[in-house]
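Novice: Have a look at this one.
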Amino acid sequence: MSTFVYMTRCDGCGHCVDICPSDIMHIDETIRRAKNIEPNFCWECYSCVKACPNHAIDVRGYADFAPMGHSVRVRREEEKGTISWKIKFRNVLIFIYYILISFFILFN
Ligand code: SF4
Ligand code: SF4
């Protein structure tokens with residue numbers, strides 16, 4: 001699942017640009033917002049998603065295994081010290097997974 005940026009949430013801080021190992025997160029010079037310039041080269045590491053302070057980056061499932069009706073949200077919540085993944089299936093079943101940011105830092 002490659003990433004994309006919600007332009008209205010992005011403030012152009014550049015954290016995603018600095019952390020992307022594939023060098024595909026860039027700041028658009030005209031609108032000063034980040035964008036994934038080459039989704040096909042995304043490693044799907046989600047470092048950018050976890051690093052974004054504004055919840056501006058999300059992931060999009062490929063149509064062959066994630067058909068219409070599903071959604072995946074990733075949120076970094078500094079105040080709680082967590083990163084959460086909320087997965088909604090087509091039958092409206094919802095799973096939410098949490099990981100502590102301190103655990104993430106320890107193993108990266
Ligand atoms: S880390 Fe988030 S807010 Fe900062 S430039 Fe990237 S998408 Fe925008
Ligand atoms: S998921 Fe990883 S490789 Fe893909 S844009 Fe984000 S940081 Fe770069």
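Quick note: the coordinates plus some simple rules give every number you see, no bench work behind them. Just so it is clear, the structure is predicted and the values come from calculations on it, not from any experiment. Neighbour counts run over all protein chains shown; Cβ positions are idealised from the backbone, glycine included.
Novice: How about LYS50: which aspartates and glutamates have a C-alpha closer than 15 Å to its C-alpha, ignoring those fewer than 8 places off in the same chain?
Specialist: ASP18, ASP58, GLU77, GLU78, GLU79
Novice: So, one more: Using R₀ = 25 Å, calculate the FRET efficiency as 1/(1 + (r/R₀)^6) where r is the Cβ-Cβ separation of SER22 and ILE96; round to 0.05.
Specialist: Details: r = 28 Å, r/R0 = 1.10.
Using R0 = 25 Å, I get an efficiency of 0.35.
Novice: In a Debye calculation with equal point scatterers on the alpha-carbon sites of the chain and no solvent, what is log10 I(q)/I(0) at q = 0.10, 0.14, 0.23 Å⁻¹?
Specialist: Treating every Cα as an identical point scatterer, log10 I(q)/I(0) equals -0.29, -0.58, -1.33.
Novice: Right, something else. Grab the Cα-Cα distance for ASN54 and LYS86, subtract it from 0.36 nm times how many residues apart they are, and report the gain in nm with one decimal. Before the final figure, lay out the partial values.
Specialist: Numbers: separation 32, 0.36 × 32 = 11.52 nm, distance 1.66 nm.
Once the chain is fully extended between ASN54 and LYS86, it gains 9.9 nm.
Novice: Just checking the chain: which Cys have no other cysteine's beta-carbon under 4.7 Å?
Specialist: That list is CYS10, CYS13, CYS20, CYS42, CYS45, CYS52.
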